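Colleague: This is the structure I have questions about; it appears just below.
The values are calculated or read from the model by the stated rules, or taken from the named source; none is laboratory data. Worth saying up front: this structure is predicted, and the values here are computed from it rather than measured. When we count neighbours, we look across all protein chains shown, and the Cβ atoms used for this are built from the backbone with ideal geometry, even at glycine.
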Amino acid sequence: MKINIIGPSGSGKTTLSKKLSQTLNIEPINLDYVFFRHAKDKQREEITEKEWRQNLNSKLKTNNWIIEGVNPIIEVMDNADLIIYLRPSLKTALFRQWKRYVTDPKQRKEHGFKNNLKLSQYLVKQYKEEDDPEKYEDLKYVRVRKLDKLTEKYKNKVKILSNNSAIKKFLREIYANLN
């Protein structure tokens, strides 16, 4: 199975990928670790497009994967058997982001308060800023409306989950299909 999980920041992509990983016994891949080299001093270093494309292509060649990240990548979406689009409200996404910051000491230590404020601003921008279709090719350009339009193209393999009850129902269906 090849699963792509997309959604804005704070939508629960990493949490869902970990749950699916445990259930399906497939190692999850976070796109942050494809695009960036992570340093010990809280910094992350962007790698070249050639490098990250090599990293990504090697992952795409495997039989099973769960790839999650805020940046939708056409090659991943094309190769996925299932695209899960997590689309909570802005209020829910902000709540989850700050809950993660407050409850996870690693988040606070690695990213800090100022970075979390910047992430909140970026999250609001993803939901509220005017959409610019001319920027859709830019991987760093993430807007909820862009995700909405992209998933229309893949509607035959997209599952949109907009709240916790939808996610729980989806996970129950996965568990039921395995047994």
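Colleague: Within the range 126-144, can you find the residues that are surrounded by fewer than 16 Cβ atoms within 10 Å (Cβ to Cβ), touching a residue at least 12 places away in the same chain (Cβ under 8 Å) and under 18 Å from LEU90 (Cβ atoms)?
Modeller: LYS128, GLU129, ASP131
Colleague: A further question follows. Quick check on this structure: which one of LYS114, LYS146, LYS109 is touching an Asp or Glu at 6+ places or on another chain (Cβ under 7 Å) and assigned to a helix (DSSP H, G or I)?
Modeller: Details: LYS114 fails: touching an Asp or Glu at 6+ places or on another chain (Cβ under 7 Å); LYS109 fails: touching an Asp or Glu at 6+ places or on another chain (Cβ under 7 Å).
Within the list LYS114, LYS146, LYS109, the selection yields LYS146.
Colleague: With respect to ALA176, determine if the residue is at pLDDT 85 or above and either assigned to a strand (DSSP E or B) or exposed (fewer than 12 other Cβ atoms within 10 Å of the Cβ) (or both). Quick ask: steps written out before the conclusion?
Modeller: On the way: at pLDDT 85 or above: yes; either assigned to a strand (DSSP E or B) or exposed (fewer than 12 other Cβ atoms within 10 Å of the Cβ) (or both): yes.
Yes: the conditions hold for ALA176.
Colleague: Taking PHE95 and the conditions (1) within 16 Å of the chain's Cα centre (by Cα); (2) surrounded by 13 or more Cβ atoms within 10 Å (Cβ to Cβ); (3) within 30 Å of LEU117 (Cβ to Cβ), which numbered condition does it fall short on, given that it satisfies the others?
Modeller: Every listed condition holds for PHE95 apart from (1).
Colleague: Quick one: which strands (runs of 3 or more DSSP E) sit completely within the range 1-97 and have at least 3 residues that are not acidic (Asp, Glu)? Write out each step before concluding.
Modeller: On the way: elements: 2-6, 28-30, 36-38, 44-46, 65-68, 82-86.
Output list reads 2-6, 28-30, 36-38, 65-68, 82-86.
Colleague: Considering only the range 145-162, how many residues are farther than 13 Å from MET77 by Cβ and surrounded by fewer than 14 Cβ atoms within 10 Å (Cβ to Cβ)?
Modeller: Residues in the range 145-162 being farther than 13 Å from MET77 by Cβ and surrounded by fewer than 14 Cβ atoms within 10 Å (Cβ to Cβ): 1 in total.
Colleague: Across the range 41-79, what is the total count of residues that are among the small types (Gly, Ala, Ser) and within 14 Å of the chain's Cα centre (by Cα)?
Modeller: Within the range 41-79, residues that are among the small types (Gly, Ala, Ser) and within 14 Å of the chain's Cα centre (by Cα) number 1.
Colleague: Could I ask something else about it? Is the range 69-85 home to any residue that is touching a strand residue (DSSP E or B) at 6+ places or on another chain (Cβ under 6 Å), of a type in the set (Phe, Trp, Tyr), surrounded by 13 or more Cβ atoms within 10 Å (Cβ to Cβ) and modelled with pLDDT of 90 or more?
Modeller: Taking every residue of the range 69-85 in turn, at least one turns out to be touching a strand residue (DSSP E or B) at 6+ places or on another chain (Cβ under 6 Å), of a type in the set (Phe, Trp, Tyr), surrounded by 13 or more Cβ atoms within 10 Å (Cβ to Cβ) and modelled with pLDDT of 90 or more.
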